[in-house]
Amino acid sequence: MLALCLAASGWAFFARDPGGPDGGPAALDLVAHLVIFATLTLVAIWCFGLRRYVMFALIAYAVATEVVQRLLDNGRSASGVDVLVDLAGIALAATLWKGDRKPSRSSLKGGC
């Protein structure tokens, strides 16, 4: 499940920008960043629990997506606002989780 979420977020962040000359509605892009990182965070917490290393990895991924967008020639650009919205999605999901709810290994059955 986590691999699928990472693949989907990678496609969303690194694929060529299909928008027109203005890049599409900015608000929609910000909502997409928030939803993608909140979902990714919930799945990561479900797989590994609410741990510091999980939060650190998600924050590093948020920053890395913008750095890579800056380096690629795919019609996208890096944005500090995007990173802030990514971090808001991470914080929102971690807050909603309300503690460590790591499922037992037997209940996962390869779900992560």
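Computed from the coordinates by the stated procedures, all read-outs in this text should not be read as laboratory data. Since the model is a prediction, treat every value here as computed from it, not as a measurement. Positions of Cβ are generated from backbone atoms using ideal geometry, with glycine treated the same way; all protein chains shown enter the neighbour counts.
List of remarks:
- Here the simple spin-label model places points 7 Å from the Cα toward Cβ, and for ASP73 and ALA57 these points are separated by 3.4 nm.
- Annotation for segment 31-97: trypsin sites (Lys or Arg not before Pro) lying in DSSP loop with at most 14 further Cβ atoms inside 10 Å of their Cβ are ARG51.
- Note on LEU4 and ALA27: the model spin-label points, each 7 Å out from Cα along the C-beta direction, lie 3.1 nm apart.
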